[in-house]
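Please treat every number below as a calculation from the coordinates, not as lab data. Treat the numbers as computed from the prediction; the structure is a model and nothing was measured. Positions of Cβ are generated from backbone atoms using ideal geometry, with glycine treated the same way; all protein chains shown enter the neighbour counts.
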Amino acid sequence: MPFVPRTSRRTLYALLIPLAALLLLATTSSSGTVKIGKEIKKTVGVLTDLQAGDVACYLTLKDDQGAEFQELGDFEICEKPALVGKRVRLTYALGNVMAEECQGNPDCTKTRSVPLVTAVKVLGGKTAPKPKK
């Protein structure tokens, strides 16, 4: 590593730390969204339904304003029905799922890259209302 005078290092750190913070803010925001691939995805909501499908686990959620939204998730998430009714934070990653033209055919090898929910963390706060009997 080349010699860098101490004052130059301090200047470099003074520039890099705010830059790193700006890059982090560019990908996650306080509004509860994250950019994954080319899409902006919500990261917080009340999980109202889980359905295992041909392509992925289908998650239905409501955001804090009451708007419903759907996400694709890893199949393992559908194995956790106790999450339904909980306010959760979603973690995403790009993943490959069966292409739509496969129409559920397990022998089809075509795929497409999509944002997938890879983890669900239960948060405190709002929960879905209990169904009336």
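Some notes on this structure:
- Cα-Cα over 23 Å, subset of LYS41/LYS121; LYS42/LYS121; LYS86/LYS110; LYS38/LYS80; LYS35/LYS121; LYS41/LYS110: LYS86/LYS110; LYS38/LYS80; LYS41/LYS110
- Calculated P(r) tail over 24 Å for the stretch 30-122, as whole % of Cα pairs: 20
- Shown in residue order for the stretch 97-108 are the 3J(HN,Hα) couplings computed by the Karplus curve 6.51 cos²θ - 1.76 cosθ + 1.60 at θ = phi - 60°: 10, 4, 5, 4, 5, 6, 6, x, 6, x, 7, 6 Hz (x for Gly and Pro).
- Listed values for the stretch 39-44 are Karplus-derived 3J(HN,Hα) couplings in whole Hz (6.51 cos²θ - 1.76 cosθ + 1.60, θ = phi - 60°), namely 10, 9, 10, 6, 10, 9, and x replaces Gly and Pro.
- Lys, Arg +1 and Asp, Glu -1 on Cβ, resulting dipole of the stretch 30-122 about Cα centre, debye, nearest 20: 480
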